[in-house]
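Engineer: Before I ask anything, here is the structure I am working with.
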Ligand SMILES: Nc1ncnc2c1ncn2[C@@H]1O[C@H](COP(=O)(O)OP(=O)(O)OP(=O)(O)O)[C@@H](O)[C@H]1O
Ligand SMILES: [Mg+2]
């Protein structure tokens, strides 16, 4: 087992100017499950491939344990990778698929058999060892791909969207299996996904990337409770956080009738560049539905009600005096506000509801930089 360190690691692809990964600094603890997450093209796979040795590092270095592996061949890094497209060899049995890397490495047959059987037991694949991949379900094939990595007993597992070939239900099952398997084996793991739910449920810590730049690293709770900037705020959490522009007067942020008192330390951080404005984020679950006319409340016209059984969400538009200046953004699109409501008491499409932000549940960011102010 080992730690993993990216030290100002940079990758500029030939023929491009902007780094795909720009001065990445990241330390993964021994035995930790770290999830790299971010939108398509943000540099997740590139980071993982640099760690694997499949991509040149143009600046900075990469360490596994205390060993600088920046210029070490992939096969000498003692890692095992599970790809999104984990094509198994169709003509080989499950056992041969799992043991293939060991065979190539010239390990004795008996040892291969032993390691394969051990991995099969862990993965619940024992009874399928003699089958061909085509006679397996999608989830079983995915476990064989995991098995191929496990038998190598590497210092680090690298996984790049290993669940994306599975249907939604199987993905949820398999993600808990992988997470608990990793905890059992205790092997340091770097896991790539674009799915923030996967990141929140699987990772000991999450690293969010955007445009090749690391935005924030933290535990799932830290990412949810104290996002470092507007991007992370909007990315982590489902449905996404509502984000709006408020005006600031006398230490109070306001838009329409809604008012959010600001801490003095926040007000002191505002600069001329902010232009008397502040960006405020409030999650769908941070809103209370209140009687119309309640002080500080904002009217929301209901466009859609999404009922999920245990939860219900209103997708609506801010109306009234706040509507234009608020510049609301959310995961649902511009000018959309998402409100979590009592699933036993849902409004109708076309209704107008009034909402207030629960005290202490707003996130404040600089309007100019998007960085967190509290
Ligand atoms: N071989 C390449 N040559 C040039 N540019 C590349 C190459 N591979 C990737 N890129 C660019 O580098 C950036 C990061 O790509 P990367 O594959 O790391 O993204 P990603 O975060 O894994 O995205 P996705 O979620 O879509 O897999 C993208 O802008 C991509 O277009
Ligand atoms: Mg990728």
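The values are calculated or read from the model by the stated rules, or taken from the named source; none is laboratory data. Computed from a predicted structure; not experimentally measured. Quick reminder, even Gly has a Cβ in these numbers, built from the backbone with ideal geometry, and neighbours come from all protein chains shown.
Engineer: Quick one: how many residues across the range 53-65 are more than 14 Å from residue 28 (Cβ to Cβ) and in a loop (DSSP other than H, G, I, E, B)?
Structural biologist: 6
Engineer: Of all the strands (runs of 3 or more DSSP E) wholly in the range 1-52, which have at least 1 residues that are within 15 Å of ligand 1 (Cβ to nearest atom) and more than 25 Å from residue 164 (Cα to Cα)?
Structural biologist: Answer list for the range 1-52: 4-11, 21-28.
Engineer: Additional query: Let me spell it out: the conditions are (1) closer than 22 Å to residue 235 by Cα; (2) in contact with a helix residue (DSSP H, G or I) (Cβ under 9 Å, 6 or more places away or on another chain); (3) more than 16 Å from ligand 2 (Cβ to nearest atom), and residue 22 meets all of them except one. Which number is the exception?
Structural biologist: Just one mismatch for residue 22, condition (2).
Engineer: For the range 302-327, which residues satisfy the criterion of being closer than 17 Å to residue 243 by Cα and in contact with a strand residue (DSSP E or B) (Cβ under 7 Å, 6 or more places away or on another chain)?
Structural biologist: Of everything in the range 302-327, those that are closer than 17 Å to residue 243 by Cα and in contact with a strand residue (DSSP E or B) (Cβ under 7 Å, 6 or more places away or on another chain) turn out to be 313, 314, 315, 316, 317, 318, 319, 322, 325, 326, 327.
For (1) more than 12 Å from ligand 1 (Cβ to nearest atom); (2) buried (at least 20 other Cβ atoms within 10 Å of the Cβ), each residue gets a yes or a no:
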residue	(1), (2)
194	no, no
206	yes, yes
218	yes, no
223	yes, yes
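Engineer: Here is a follow-up. Could we say that residue 139 is more than 28 Å from residue 2 (Cα to Cα) and either in a loop (DSSP other than H, G, I, E, B) or within 26 Å of the chain's Cα centre (by Cα) (or both) here?
Structural biologist: Criteria met by residue 139.
Engineer: Let me ask you something else. Hey, any hits in the range 76-99 for a residue that's more than 16 Å from ligand 2 (Cβ to nearest atom) and assigned to a strand (DSSP E or B)? Explain how you work it out, then say what you get.
Structural biologist: Looking only at the range 76-99, we keep the residues that are more than 16 Å from ligand 2 (Cβ to nearest atom), and these are 76-80, 87-99.
If we keep only those that are assigned to a strand (DSSP E or B) as well, we get 79-80.
Yes; the residues of the range 76-99 include at least one that is more than 16 Å from ligand 2 (Cβ to nearest atom) and assigned to a strand (DSSP E or B).
Engineer: Sticking with this structure for a sec: What's the number of the condition residue 211 fails, among (1) within 16 Å of ligand 2 (Cβ to nearest atom); (2) under 12 Å from the mean Cα position of the chain (by Cα); (3) surrounded by fewer than 18 Cβ atoms within 10 Å (Cβ to Cβ)?
Structural biologist: All conditions pass for residue 211, except number (2).
Residue-wise test of (1) under 23 Å from the mean Cα position of the chain (by Cα); (2) crowded, with 16+ Cβ neighbours inside 10 Å; (3) without any contact (Cβ under 8 Å) to a residue 24 or more places away in the chain.
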position: 272; (1), (2), (3): no, no, yes
position: 326; (1), (2), (3): no, yes, no
position: 343; (1), (2), (3): no, no, no
position: 360; (1), (2), (3): no, no, yes
position: 371; (1), (2), (3): yes, no, no
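Engineer: Let me ask another. So, residue 366, is that one in contact with a helix residue (DSSP H, G or I) (Cβ under 7 Å, 6 or more places away or on another chain), exposed (fewer than 14 other Cβ atoms within 10 Å of the Cβ) and closer than 16 Å to residue 281 by Cβ or not?
Structural biologist: Judged against the criteria, residue 366 is not a match.
Engineer: For residue 101, indicate whether it is at pLDDT below 95, touching a strand residue (DSSP E or B) at 6+ places or on another chain (Cβ under 9 Å) and in the same structural domain as residue 190 (by TED's automatic domain parsing).
Structural biologist: On the way: at pLDDT below 95: yes; touching a strand residue (DSSP E or B) at 6+ places or on another chain (Cβ under 9 Å): yes; in the same structural domain as residue 190 (by TED's automatic domain parsing): yes.
Spelling it out, residue 101 is indeed at pLDDT below 95, touching a strand residue (DSSP E or B) at 6+ places or on another chain (Cβ under 9 Å) and in the same structural domain as residue 190 (by TED's automatic domain parsing).
Engineer: Would you be able to tell me the number of residues in the range 155-195 that are closer than 19 Å to residue 2 by Cα and within 16 Å of ligand 2 (Cβ to nearest atom)?
Structural biologist: Within the range 155-195, residues that are closer than 19 Å to residue 2 by Cα and within 16 Å of ligand 2 (Cβ to nearest atom) number 5.
Engineer: All but one of (1) within 14 Å of ligand 2 (Cβ to nearest atom); (2) in contact with a strand residue (DSSP E or B) (Cβ under 7 Å, 6 or more places away or on another chain); (3) farther than 19 Å from residue 189 by Cβ hold for residue 61; which doesn't?
Structural biologist: Answer for residue 61: the failing condition is (1).
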